[in-house]
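Here the structure comes first, spelled out in structure tokens, and everything after it is commentary.
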Amino acid sequence: MKTSEQDSIGGANMARRSFLRYAGLGVASAGLLATAACHKDHKVIVGNSIDIGAKGDLAILNYAYALEQLEAAFYIQVIATPYSGMTGDEKALFTSIRDHEVVHREFFKKALGGNAIPALTVDFSTIDFTKKSAVLGAAKAFEDTGVKAYDGAGYLIQDAGYLTIAGKIVSVEARHAALISNMLVAGSFAADDQVDNNGLNKSATIAEVLPIANTYLKTKVNASNYGYVAS
């Protein structure tokens, strides 16, 4: 019998070979991930909060992992409790996004190994999942913030292999963001709230992103080495 988690993944194959094919990694890159996972990054768990750890690639991967956990949980809930009047096409779109986010989440979990932060507990009590406007508004916030987060933290990644993975994931997240924005307002897929006058996506720092993410998390995520601790 499948578990609810397996059902949430749909047809996605979570085997290691699938992760490597998904990310476009070769044997050498796979070894790099495995080697990094052998070195502990001194994560700090205090009560109901978790710190992403010391500065470095593992901390940034944990940062991304935290955001992907949040996004995956959101879309799993969207599909589990469809808003009133959700069309078949809309459900198909949200199902596709959900599957992407679950793959992203599980990829970071596998890549980080023993260095991964724990599973986070979400709090979506402020989102009315019965209303389309509320779901789309929250989806836009999650996707826009996620793209800004990747763009804002990319320069902190030192390893080229990790940077390649992040680039492949953020490009998919940007597709999600454009779709959700266009579902809200036709033609807004590259609106000026996300794209600047130079045609570049806006970015946000870790200290700017985590307070937004923590609004929807019971398990608060800190980044003390990057200037943010939840109050």
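Each reported figure results from applying straightforward, stated rules to the coordinates on display, with no laboratory input. Keep in mind the model is a prediction, meaning the values are calculated, not measured. Using ideal geometry, Cβ is built from the backbone for each residue, glycine included, and neighbour counts are taken over all protein chains shown.
Values computed for the structure shown
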item	result
Within the stretch 75-231: Cβ-based charge dipole about Cα centre, in debye rounded to nearest 20 (Lys, Arg +1; Asp, Glu -1)	380 debye
Only Lys, Arg (+1) and Asp, Glu (-1) charged, at Cβ; the stretch 157-231 dipole about Cα centre in debye	280 debye
Gyration tensor (alpha-carbon) shape descriptor, the stretch 149-205, a/c threshold 1.5	prolate
Spatial extent of the stretch 137-179: Rg and Dmax, with the Cα atoms as the point set, Å	10.9, 35
Mean Cβ count within 10 Å, highest first, over the residues of peptides 211-224, 81-94	211-224, 81-94
Debye equation applied to the C-alpha atoms of the stretch 89-145, log10 I(q)/I(0) at 0.25 Å⁻¹	-1.15
Size of charge dipole - the stretch 43-129 - debye, nearest 20, with Cβ of Lys, Arg +1 and Asp, Glu -1, no other charges	340 debye
Within straight-line cross-link reach of Lys55, aspartates and glutamates at Cα separation under 14 Å, skipping those fewer than 8 residues along the same chain	Asp41, Asp159
Residue among Thr164, Thr145, Phe124 farthest towards the positive dipole end of the stretch 105-231, charges placed on Cβ	Phe124
When the stretch 183-231 is reduced to its Cα atoms, the Kirkwood hydrodynamic radius in Å	13.0 Å
Cα gyration tensor shape for the stretch 124-228, rounded if a/c is under 1.5, else prolate or oblate	oblate
